[in-house]
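Please read the structure below before turning to the comments.
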Amino acid sequence: MSEQLDVAPAAGSTATVLDIDNLEVTFATDSGPVNAVRGVSLDVRAGEVVAVVGESGSGKTVTAKTILGLLPETATRSGAVVINGHNVVTVSAGKLRELRGRDVAMVFQEPSTALNPVFTVGWQIAEGIRAHHGRDGKRISKKEARERAIEALRKVGIPDPEKRVDYYPHQFSGGQKQRVVIAAALALDPELIVADEPTTALDVTVQAEILELLRDLRDLYGTSIVLITHNMGVVADLADRVVVMYQGEVVEEAPVRTLFASPREDYTRRLLDAVPHLGRDSASEGATERLRQDGEVLVEATGLDITYPGRLGTPPFRAVQDVSFTVRAGEVFGLVGESGSGKTTIGRAIAGLNRATGGSLKVLGHEMVGFRERAFKPVRKDIGFVFQDPAASFNPQLTIGECIAEPLIVHLDLDSAQVRRRVGELLESVQLPASYAARYPHELSGGQRQRASLARALALEPKLLVADEPTSALDVSVQAKVLELFREIQAELGFAALFISHDLAVVDQLSHWVGVLYKGRMVEQGIGSQVMGAPQHDYTKRLIASLPVPDPVEQAERRRAHRALLGS
C-alpha cells in the first residue's frame, strides 16, 4: 500500500475527472429562497482524493449531491458540473441515469438507511450492476451480476463473500455495512466515488479499516474520491487536496500538508484549532493516583456481569463480564471501546435502564443487581443522562421547554411559574436563550439540541451524570463548544460523570480517569493521560494507533506504526 502524497498532483499532470465551475444552488422554501451554494468551483483529477470540509450548513453535502443530480425538485441549479464531458446540471434524465454508477457513484453517510432491509446485499449490489449494464451496452445476466457482486465484496474485505452475498443488511456490523455500501459503488467500476461522511459514528478501529480501503481504491484501481467530512483527522489521513467551504462558498483550497501547516484563512485556522488532539489539553495532565482517593465513591462496580436473556431458542448473551471500577465525586470517568464492548450497557445499568445480573453495582449507595423500581425511584433524581442522539430522545410533539420541564414536574413539587423560571435558567446555563423554550426540537441545530439535552440532564442538579456519545455526530467547531461548556459546568457544579465515547481525543480532553473495555471486559484503566500516553494492554495500543490525528505528517508516521502493530 502506497503512502499518501505530500502534495496534490500538478495541474495538467492527470486527466480531470470532475470539473465544477461557478455552481449555484438555491432552495425554494416557505420563508423565501435559500442560497445554499454560491459560486463554487473545484476540480478532481484521476486517482486524487479531494476532501471538502466545513461545518453543517456550509454547502458541502449539497455540492456532493449535485454531482450525482440528487437534489430535490425545490432546488434551482446553475453553473456547470462536468463529468466525462457531460454537464450534470443540463443533461437529460436518461443521460444522468447513465452517468450515475458508470462514471460516478456515491457512498452515503448512513448505510443502514442506504441499504434495503428486505433484500440481500448481493441482490442490491447486483441490481445496480444490471441497471447500469456494462460499458459496452450489453445486458448483464443475473449469474454474471452475482459473480461481480461477490468479487466486489471480496475487494472490500468482507469475509467469505460467496456465503455472505446472501446475507441481509441486519446480519452485518456497522463497519461491514459501510463496506457493503462501498462495494455497491465499486462494483459499477466508476471513475469517481463521492463519499459523504463515510466514517461518521464508526469506532476508530473500524474507521481505520474503511480509510485503508478507500486508500486502496485510489492506489490500486486509480479511483478518484470526493470526500465529504468534518473529521480533520480523516482528512489528514486520506486526502491529497482540501477544499474548505463556509456559508456556501469555497474560502480556501490547498494541498493537504500545506493547508494543515499554514492555513491562510481565519475560518480554516478556527476549524483546525477546534479539533481535539490526543495528548494536548488533557484533563488529567499532571494528576497522580493519590489524588483520586479523596472523593466519595458514587459508583462502585465489583465483578459486574450483565447478561441479556436469549429469545426464540438463542442462547443468552453476556454483554459485560467481571468488570470492576469506581467513579468518585467531582470526577469524570471516561469509558472507551469499540461498538459491542459494553460501554452503553454499563452506562444504562448505572441509570437503571438496564438490569445488572451478576456481581455488584452500587450507585449512590443503592445496589442495582436485583433492584426494585419503587426503591430506586428516589435515587433517579440524582442521576442525569445525556443521550447520544437528542433528536431521538426528545419528544417531537413537545417544545424544548416542555422536554426540559418533564423531570422537574415528575420529581419536584413546583408550580408552573417556578418551572418556567427554572427552565429559562437551565437554557441560559448551557448558553441558549431562554426564548428557545418555545421552540420544537426540529427547530434547533444539532449542537443546540445537544445543549438542550444537557440542560435537561442537569435539571435536578444531579450528583452523577451519564453522557453516552454526546458529541459523536457534531461538527468539530460545534463539538469544541459543547465540550468546553461541559467542562465549565462540571467544574462549576462539581457533579461526577461517566463519559462514554469512542473518540479517544475527546475522552482525553475531559476525563480524569479512563477505563478501556474490550468484548465486555475491562482490560485497562488508570489516569487518562497515562492510559493514552503509555498504554499497557495490546488492545489499548491498537485503539490509540487507529485514531487519526489532524496532522498529515504525524498521521503518516502513525499509519506506518499501526500497520506494524497489526502485522505483529
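In this structure, L432 qualifies as out of contact with any Pro (no Cβ under 6 Å at 6 or more places or on another chain) and at pLDDT below 90.
For D508, are the conditions met, namely being crowded, with 21+ Cβ neighbours inside 10 Å, modelled with pLDDT of 90 or more, of a type in the set (D, E) and within 25 Å of R270 (Cα to Cα)? In short, yes. Please go through the range 171-189 and give me each residue that is touching a Leu at 6+ places or on another chain (Cβ under 9 Å) and more than 19 Å from R146 (Cβ to Cβ), ordered by number. Result: G174, G175, K177, Q178.
Any residue at all in the range 254-263 that is small (G, A, S), in a loop (DSSP other than H, G, I, E, B) and surrounded by fewer than 23 Cβ atoms within 10 Å (Cβ to Cβ)? Checked against the condition, which is being small (G, A, S), in a loop (DSSP other than H, G, I, E, B) and surrounded by fewer than 23 Cβ atoms within 10 Å (Cβ to Cβ), the range 254-263 yields at least one hit. Report whether or not S472 is of a type in the set (S, T, N, Q) and under 16 Å from F387 (Cα atoms). Against the criterion (of a type in the set (S, T, N, Q) and under 16 Å from F387 (Cα atoms)), S472 qualifies. The residues of the range 546-559 that are among the charged types (D, E, K, R), in contact with an Asp or Glu (Cβ under 9 Å, 6 or more places away or on another chain) and touching a residue at least 24 places away in the same chain (Cβ under 8 Å) amount to a single one, R559.
Listed here are the residues, each with its yes/no results for (1) over 29 Å from the mean Cα position of the chain (by Cα); (2) modelled with pLDDT under 90; (3) outside the structural domain of M532 (by TED's automatic domain parsing).
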site: R269; (1), (2), (3): no, no, yes
site: V297; (1), (2), (3): yes, no, no
site: I306; (1), (2), (3): no, no, no
site: A319; (1), (2), (3): no, no, no
site: V323; (1), (2), (3): no, no, no
site: G359; (1), (2), (3): yes, no, no
site: E373; (1), (2), (3): yes, yes, no
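Looking across the range 153-187, the residues that are without any contact (Cβ under 8 Å) to a residue 24 or more places away in the chain and part of a helix (DSSP H, G or I) come down to R154, P161, E162, K163, Q171, Q176. Quick check: is even one residue across the range 393-410 touching a residue at least 60 places away in the same chain (Cβ under 8 Å), within 27 Å of S472 (Cβ to Cβ), in a loop (DSSP other than H, G, I, E, B) and not aromatic (F, W, Y)? No; the residues of the range 393-410 include none that is touching a residue at least 60 places away in the same chain (Cβ under 8 Å), within 27 Å of S472 (Cβ to Cβ), in a loop (DSSP other than H, G, I, E, B) and not aromatic (F, W, Y). Of everything listed in (1) surrounded by fewer than 20 Cβ atoms within 10 Å (Cβ to Cβ); (2) under 31 Å from the mean Cα position of the chain (by Cα); (3) part of a loop (DSSP other than H, G, I, E, B); (4) modelled with pLDDT of 90 or more, the single unmet condition for G47 is (1). Within the range 177-211, being of a type in the set (V, I, T) and touching a Phe, Trp or Tyr at 6+ places or on another chain (Cβ under 8 Å) holds for V180, V181. With the requirement that a residue be modelled with pLDDT of 85 or more and surrounded by fewer than 19 Cβ atoms within 10 Å (Cβ to Cβ), what does the range 131-145 give you? Across the range 131-145, the qualifying residues are S141, K142, K143, E144.
Among the candidates V52, V62, the residue that is out of contact with any Ser or Thr (no Cβ under 9 Å at 6 or more places or on another chain), closer than 19 Å to E252 by Cβ and β-branched (V, I, T) is uniquely V62.
With the condition kept exactly as written, say whether any residue in the range 305-322 is among the β-branched types (V, I, T), over 27 Å from A534 (Cβ atoms) and surrounded by fewer than 22 Cβ atoms within 10 Å (Cβ to Cβ). Yes, the range 305-322 contains at least one residue that is among the β-branched types (V, I, T), over 27 Å from A534 (Cβ atoms) and surrounded by fewer than 22 Cβ atoms within 10 Å (Cβ to Cβ).
Evaluation of L71 against the conditions (1) more than 18 Å from V194 (Cβ to Cβ); (2) without any contact (Cβ under 8 Å) to a residue 60 or more places away in the chain shows that the sole unmet condition is (1). Every condition in (1) surrounded by fewer than 24 Cβ atoms within 10 Å (Cβ to Cβ); (2) more than 21 Å from G359 (Cβ to Cβ) is met by F499 except one, and the failing one is (1).
For the range 82-102, the set of residues classified as closer than 22 Å to A15 by Cα and aliphatic (A, V, I, L, M) consists of V82, I83, V88, V89, V91, L96, L99, listed by residue number. For the range 524-568, the helices (runs of 4 or more DSSP H) that sit wholly inside it and include 1 or more residues that are farther than 14 Å from T205 by Cβ and outside the structural domain of V507 (by TED's automatic domain parsing) are 552-567.
The values are calculated or read from the model by the stated rules, or taken from the named source; none is laboratory data. Keep in mind the model is a prediction, meaning the values are calculated, not measured. Heads up, the Cβs are rebuilt from the backbone with ideal geometry, glycines too, and the neighbour counts pull from every protein chain shown.
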